[in-house]
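The values are calculated or read from the model by the stated rules, or taken from the named source; none is laboratory data. Since we're looking at a predicted model, the values are computed, not measured. Cβ: placed from backbone, ideal geometry, glycine included. Neighbour counts: every protein chain shown. SASA here: full protein model, heavy atoms, side chains in, ligands and nucleic acids out. Shrake-Rupley method; radii C 1.70, N 1.55, O 1.52, S 1.80 Å.
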Amino acid sequence: GGRGARRLRTAFSAEQISTLESSFQRQQYLGAAERRKLAGKMRLSEVQIKTWFQNRRMKLKRQL
């Protein structure tokens with residue numbers, strides 16, 4: 001069955017990370033509309049964008 005089948009880790013390009021970071025500097029939380037727009041622009045899924053932002057907020061929290 002499909003049990004335990006996990007997605008492979010997304011390798012973001014330098015350009016994608018740069019775009020995500022600049023978005024994060026503007027606002028740490030994205031609404032659904034902004035997430036959709038960013039996902040379309042970057043050719044990533046909304047889930048990938050959402051997860052990146054969650055991870056980035058946790059990274060910020062650890063650094064503080």
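How much accessible area per residue does the chain have, counting only protein heavy atoms and a probe of 1.4 Å, in square angstrom?
Spelled out: the 1.4 Å probe surface of the chain, per residue, equals 83 Å².
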*How many nm is it between the label spots at Ser18 and Asn55, if each spot is 7 Å from the Cα in line with the beta carbon?*
2.0
*Jot down the radius of gyration and Dmax of the chain, Cα atoms only, both in angstrom.*
12.9, 43
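Can you pull the percent of the chain's accessible area that's carbon plus sulfur, 1.4 Å probe, other chains left in place?
Numbers: 2670 of 5310 Å².
Solvent-exposed carbon and sulfur of the chain make up 50 percent of the total.
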*Quick one: which of 39-45, 25-31, 8-14 comes out on top by average Cβ neighbours within 10 Å, and what's the full order, highest first?*
39-45, 25-31, 8-14
